[in-house]
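The values are calculated or read from the model by the stated rules, or taken from the named source; none is laboratory data. Note that the coordinates shown come from a computational prediction; the quantities given were computed from them, not determined experimentally. Neighbour counts are summed over all protein chains in view; Cβ atoms, including those assigned to glycine, are modelled from backbone coordinates with ideal geometry. What goes into the accessible areas is simple: the full protein's heavy atoms, side chains included, and nothing from ligands, DNA or RNA. Shrake-Rupley method; radii C 1.70, N 1.55, O 1.52, S 1.80 Å.
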Amino acid sequence: FIFHEGNFHFQNILFKIISRFKLYVFGFFKIDISKKDREILRKSDAQIIVVNHSSYLDCCVVDLLIPDTKYIASEFISKMPLFKQFLKTKCIFLGNDFKSGNITEKIQRELDKGTRIVFFSSGVCSRPEFVLKLRNGAFVPKLKILSVHVNYYDKFWVMGEQDMNAHIINTMSSFRNKVSARV
């Protein structure tokens, strides 16, 4: 009963707690972010939030900084047993077939409700030093966009699902890790 549309505020609190725990387990004890950037996040009325994507922990960082968001996510995540129920109200899943419906219409319905939506700029994990060219078709005209850059200060970054295990092992092998966010 927790994971349905009516409990979105409670879910945001729950996701924030889970995100804090996951980051702590991976050695990220705090997110370095300036007071100025925190204030921008707090005051921003942008519904579209664009974030670089270099780690499987990016969602945890964003959930702590901007908890009232939904994510555009790959449909393969919706098929993972532990995530299916848990993320169905937190994500708008991109389908690889035409049966899943028009993603632009799904996004527009959420925006009409006032939902804030996170797009990972490249759509896949990539090098953290730069943002890849944005994909076409996901943006709605005349809406404010807030850009957030997450930096993990390490040399290891993820390039697709094949690196997930190595990424987890590398990150957990260091007791203290650094992460920062810049708006």
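Considering only residues that are at pLDDT 90 or above, under 14 Å from Asn177 (Cα atoms) and outside any helix (DSSP H, G or I), which ones fall in the stretch 29-68?
Phe29, Lys30, Ile31, Asp32
Checking the condition under 29 Å from Lys36 (Cβ atoms), open to solvent by 40 Å² or more (accessible area, probe 1.4 Å), at pLDDT below 75 and hydrophobic (A, V, I, L, M, F, W, C), which residue from Leu143, Leu134, Leu82 passes?
Going through Leu143, Leu134, Leu82 in turn, the sole match is Leu134.
Keeping to the stretch 116-131, report how many residues are open to solvent by less than 60 Å² (accessible area, probe 1.4 Å) and modelled with pLDDT under 90.
8
Among the residues that make up the stretch 20-43, is at least one of them open to solvent by less than 30 Å² (accessible area, probe 1.4 Å) and basic (Lys, Arg)?
Checking the stretch 20-43: not a single residue is open to solvent by less than 30 Å² (accessible area, probe 1.4 Å) and basic (Lys, Arg).
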